[in-house]
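Trainee: Got a structure for you, written out below as structure tokens; questions coming shortly.
The values are calculated or read from the model by the stated rules, or taken from the named source; none is laboratory data. What you see is a predicted model, and the numbers here were worked out from it, not measured in a lab. Glycine gets a Cβ as well: all are built from the backbone with ideal geometry, and neighbour counts include every protein chain shown. What goes into the accessible areas is simple: the full protein's heavy atoms, side chains included, and nothing from ligands, DNA or RNA. Shrake-Rupley method; radii C 1.70, N 1.55, O 1.52, S 1.80 Å.
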Amino acid sequence: MRTLVIPAAGLGTRFLPATKAVPKELMPIGPIPAIQLVIDEALGAGIDHVVIVGSAAKPALEEYFAPRPDLERLLREKGNDAMADRLASIGRDWRVSVVHQDDPKGLGHAVGCASGSVEGDAFVVSLPDEIMSGPEFLRKMIDVCTNTSGSVVGLMEVDRSEVSAYGVVAPAAEMVDGIVKIEDLVEKPSVNDAPSSLIIIGRYVLTADIFDEIARLTPGAGGELQLTDAIRAQAQRAPLHGVETMVNRWDTGTPQGFLAAAVEIALVHGWADGLESQLRVVLDRHRD
Ligand code: G1P
């Protein structure tokens, strides 16, 4: 497994006006762009080729992956070799390809745009709105794909009232060691129609024949070409498993979620000396 696909062509309307100029994926969590945290997770799981599905409307995303020899030179002159090395490694130690999805027709369509860049029998898809606390979960998903020769989706149990915002799976059996065989899946069901309260989170390991199913997609929930529907079609003829997350997951899809994630991730990584006491002062000030 070598390739990670990151769908990143969205307009980020929930983050306007910031996203008028700055792609949401580049917004910083501490000093790190959110998309870099998603890439780091995958590198830790053995990926070495990243395919960004961007758009012509978001040139800054491509600039982030381009070399900056001038900046590296400046950093070295100032003795900051560590940061210069870090910048140099972007797009060198792991490869980046950028493809465009200029007509946003849904997640299935976005992944389909990467078909010409994916190498191997299977590949990873990570949605950049979701940040995981480590690579263990993705590593386990990749192992399950290797062992079953079938696609794997990331899962999380939520309160039943929340299922309508997600893809929801119907397990075919009991979950064992966080792994479950999946019988069926449905995109954004009503609470009453949902087959379970196990939702699909933004991590997928897909066998490459998913592109045949994507090519056959017709509009599904919300009128979009849904990845869930392509996986559903694939599961009619191939094994499909789910792996329940055992790491922390931060949903940065809303400004509040993003802020909360940024604070907790900074605390976890110890990025911000004194942040904890600063936060205590701020929270005290705003208690009622
Ligand atoms: C997408 C998928 C959905 C999945 C969700 C996870 O939905 O279509 O199946 O549960 O991501 O975040 P979206 O958030 O794009 O509506």
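Trainee: Could you give the distance between the Cα centres of segment 1-45 and segment 200-244, to the whole Å?
Mentor: So the separation of the two Cα centres works out to 22 Å.
Trainee: Work out the length of the dipole vector of the chain about its Cα centre, built from +1 on the beta-carbon of each Lys and Arg and -1 on the beta-carbon of each Asp and Glu, and round it to the nearest 20 debye. Can you show the working numbers first?
Mentor: On the way: 26 positive and 41 negative charges, 111 e Å.
Roughly 540 debye, rounded to the nearest 20.
Trainee: Hey, another quick one. Roughly how compact is segment 150-288, stated as its Cα Rg over 2.2 N^0.38 Å to two decimals?
Mentor: It is 1.31.
Trainee: Here's something else I'd like to know. Mind listing the long-range amide H neighbours of V96? Cut-off is under 5 Å, sequence gap 5 or more, other chains count too, H placed in the peptide plane at 1.01 Å from N.
Mentor: V50
Trainee: Still on this model: What are the ³J(HN,Hα) values, in whole Hz, obtained from phi via the Karplus relation 6.51 cos²θ - 1.76 cosθ + 1.60 with θ = phi - 60°, for each residue of segment 277-287 in sequence order, with x given for Gly and Pro?
Mentor: 6, 4, 5, 4, 4, 4, 5, 4, 4, 9, 5
Trainee: Projecting each Cα onto the charge dipole of segment 70-143 (Lys/Arg +1, Asp/Glu -1 at the beta carbon, about the Cα centre), which of A110, A88, M132 comes out farthest on the positive side?
Mentor: A88
Trainee: Hey, with R₀ at 35 Å, roughly what FRET efficiency would I32 and N192 work out to, going by the Cβ-Cβ distance, to 0.05?
Mentor: Efficiency, rounded to the nearest 0.05: 0.25.
Trainee: May I ask you to order 260-272, 150-162 by the average number of other C-beta atoms within 10 Å around their residues, highest value first?
Mentor: Highest to lowest by the protection proxy: 150-162, 260-272.
Trainee: Now for a separate question. State log₁₀ I(q)/I(0) for segment 65-120 at q = 0.12, 0.13, 0.31 Å⁻¹ as given by the Debye formula over alpha-carbon point scatterers of equal weight, solvent excluded.
Mentor: Debye intensities relative to I(0), on a log10 scale: -0.47, -0.52, -1.17.
Trainee: For labels at Q256 and N80 in the simple 7 Å Cα→Cβ model, what's the distance in nm?
Mentor: 3.6
Trainee: Step through the residues of segment 103-114 one at a time and calculate ³J(HN,Hα) from phi using the Karplus curve (6.51 cos²θ - 1.76 cosθ + 1.60, θ = phi - 60°), rounding each to whole Hz and writing x for Gly and Pro.
Mentor: 10, x, 10, x, 5, x, 5, 4, 5, x, 4, 8
Trainee: Just the number, please: Stokes-Einstein D of segment 21-146 in µm²/s, Kirkwood Rh from C-alpha pairs, 25 °C, 0.890 mPa s.
Mentor: 154
Trainee: Treating cross-link reach as a plain straight distance, find the aspartates and glutamates whose alpha-carbon is under 18 Å from the alpha-carbon of K58, omitting any fewer than eight places away in the same chain.
Mentor: Qualifying aspartates and glutamates at Cα under 18 Å: E25, D102, D103, D129.
Trainee: Moving to a separate point now. Express the carbon and sulfur contribution to the solvent-accessible surface of segment 61-154 as a percent, rounded to the nearest whole number, probe 1.4 angstrom. The partial results should precede the final answer.
Mentor: Working: 2270 of 4730 Å².
On segment 61-154, the fraction of accessible area on carbon and sulfur atoms equals 48 percent.
Trainee: In addition: Give the whole-number value, in cubic angstrom per residue, of the convex hull volume spanned by the C-alpha atoms of segment 117-228.
Mentor: Each residue corresponds to 126 Å³ of Cα convex hull volume.
Trainee: Take peptides 183-194, 23-34, 243-254 and line them up by average Cβ neighbours within 10 Å, highest first, as a rough protection proxy.
Mentor: 23-34, 243-254, 183-194
Trainee: Under the Kirkwood approximation for Rh and a Cα-based Rg, what ratio Rg/Rh is obtained for the chain?
Mentor: 0.98
Trainee: Still on this model: How would you rank 72-79, 35-42, highest first, on the average number of other Cβ atoms within 10 Å across their residues?
Mentor: Details: 72-79: 12.6, 35-42: 22.1.
Ranked by mean Cβ neighbours within 10 Å, highest first: 35-42, 72-79.
Trainee: Which FRET efficiency value, to the nearest 0.05, is calculated for K20 and E183 with the Förster distance at 30 angstrom and r the Cβ-Cβ distance?
Mentor: The calculated FRET efficiency here is 0.10.
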